[in-house]
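These notes concern the structure reproduced below.
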Amino acid sequence: TKLFPTGIPNLKAVVRGKKVLDTRDSATRWTNNPALIMRDYLTSTDGLSCSSSEVNDTSITAAANTSDEFVTVTAVVDTFTAATTNICTRATSTDRFHRGDRFQLTTSGSLPSGLSASTNYFYIPYDGYESLKFQVATTYANALAGTAINITSTGSGTHTLTATAQPRYTTDGSFKLDASPIEIVDDLGTGMAGAVVYSKGAYSVFAGEATSSSKSIDEDVLTGDITVRPHIERAQLFNHVRGTYVDPYNKWQVSDFPILTNSSYASADGEDLYRDVELPYTTNSIRAQRIAKIMLEKSRQGISCEMDCNYSVMDVAVFDVISVTNARLGWSSKQFRVMAWE
């Protein structure tokens, strides 16, 4: 009662999740890579308890590499001061930098010892996102691990950091074990605009990216007619995406990301049509808009088809991209993603 005269306050903490296996180097470490986190859930006793043979690690590795790709973004610029304790302090609270953001440094004088101009560095938030303090890493892996550069002087002049790129996808969040597995898998998949597919006795994980076709199909493999649906139903159309993400700069509260709009689609539809989405594992508004744009563009690819083929397509799996050529329909190597197979 002396310590808390008005009652015990609510306690909050920012924590890191469990360490998971990285299929690319067989190391076990903390990561926010969505493909590696998905694999851990599939194989964990708290998840689906799959054996390693029931997970397609080749797809995991590909999705993990896609997630770690750096995407150029509008530059975020701020000035900073440095201390000899490896901790730097930014000047502007409204500028938002996130763990792993790639940046370079400039100065009007001399940079602090240990830092160089025209060199890519990676951002480590220090003492929480609401603090202006940060550390500098030489690699993205070091930024995730919290391994900072040793800074031995403050330098002179005005120092500036300019972030111009970020990892394509990350997953940051938590779930309750009483949630249904399919709900957890679907929510985790939103963090990489991806999908999890069970095919040929194993789970494959895919991140949202454009992929080349793995097989070409023409009239010679058909055993029947092609059924074509030229467009999606109007009830499923949308030309605006609005939704929420988790904002670390707002005490990790659910926040709205800027509405993503395609005016050309809205003009074609004759009205504004909205889709509401929740991105519970996305913690960056720019990344949230990237995922929203993928959702929007996928929705506008309205042509779908069903075709009966001979046994030459037995090597095609769900989520593969195939090229279809059909003179009658005017298709020449038209690409489709396989959404169902039986």
Hits in the range 317-342 - residues which are assigned to a loop (DSSP other than H, G, I, E, B) and more than 25 Å from the chain's Cα centre (by Cα): A327, R328, L329, G330, W341, E342
Matching residues, the range 152-161, being open to solvent by less than 60 Å² (accessible area, probe 1.4 Å) and either closer than 16 Å to I87 by Cβ or not in a loop (DSSP other than H, G, I, E, B) (or both): S153, G155, S156, H159, T160, L161
Residue satisfying all of: in the range 200-225; part of a strand (DSSP E or B) and out of contact with any Asp or Glu (no Cβ under 9 Å at 6 or more places or on another chain); surrounded by the fewest Cβ atoms within 10 Å (Cβ to Cβ) among these: S216
Residues located in the range 261-284, provided they are touching a Lys or Arg at 6+ places or on another chain (Cβ under 8 Å), open to solvent by 30 Å² or more (accessible area, probe 1.4 Å) and more than 13 Å from L237 (Cβ to Cβ): D276
Identity of the residue in the range 263-316, hydrophobic (A, V, I, L, M, F, W, C) and in a loop (DSSP other than H, G, I, E, B), that ends up farthest from F70 (Cα to Cα): M314
Only one of D101, D95 that is within 23 Å of I286 (Cβ to Cβ), charged (D, E, K, R) and crowded, with 17+ Cβ neighbours inside 10 Å: D101
Of all residues in the range 49-61 being assigned to a helix (DSSP H, G or I) and more than 13 Å from V20 (Cα to Cα), the one that is least open to solvent (accessible area, probe 1.4 Å): S59
Exclusive hit being assigned to a strand (DSSP E or B) and free of Cβ contacts under 8 Å to residues at least 60 places away in the same chain, set V228, V241, V246: V241
Residue identified as in contact with a strand residue (DSSP E or B) (Cβ under 9 Å, 6 or more places away or on another chain), within 24 Å of Y169 (Cα to Cα) and open to solvent by 20 Å² or more (accessible area, probe 1.4 Å) among R29, R16: R29
Residue within the range 33-48 that is modelled with pLDDT under 95, open to solvent by 50 Å² or more (accessible area, probe 1.4 Å) and among the β-branched types (V, I, T) present: yes
Residue in the range 187-196 that is without any contact (Cβ under 8 Å) to a residue 40 or more places away in the chain, open to solvent by 40 Å² or more (accessible area, probe 1.4 Å) and closer than 22 Å to M38 by Cβ present: no
Selection status of K293, modelled with pLDDT of 95 or more, basic (K, R) and under 23 Å from V196 (Cα atoms): yes
Strands (runs of 3 or more DSSP E) lying entirely in the range 78-151 (those with 3 or more residues that are modelled with pLDDT of 95 or more and among the polar types (S, T, N, Q)): 102-107
Members of the range 291-342 that are open to solvent by 30 Å² or more (accessible area, probe 1.4 Å) and in contact with a Leu (Cβ under 9 Å, 6 or more places away or on another chain): K293, M295, R300, C305, M307, D308, C309, N310
Unmet requirement for A117, which otherwise passes all of (1) touching a Leu at 6+ places or on another chain (Cβ under 7 Å); (2) surrounded by 14 or more Cβ atoms within 10 Å (Cβ to Cβ); (3) of a type outside the set (S, T, Y): (2)
Scope the range 249-262; condition not in a helix (DSSP H, G or I) and not charged (D, E, K, R); matching residues: W252, Q253, V254, S255, F257, P258, I259, L260, T261, N262
A141, sole failed condition from (1) open to solvent by 60 Å² or more (accessible area, probe 1.4 Å); (2) over 25 Å from G17 (Cβ atoms); (3) of a type outside the set (D, E): (2)
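The values are calculated or read from the model by the stated rules, or taken from the named source; none is laboratory data. Here the structure is a predicted model, which means the values were calculated and not measured. Don't worry about glycine lacking a Cβ; one is built from the backbone with ideal geometry, like all the others, and counts go over all protein chains shown. Note: accessible area is taken over every heavy atom of the protein model, side chains too, but ligands, DNA and RNA are not part of it. Shrake-Rupley method; radii C 1.70, N 1.55, O 1.52, S 1.80 Å.
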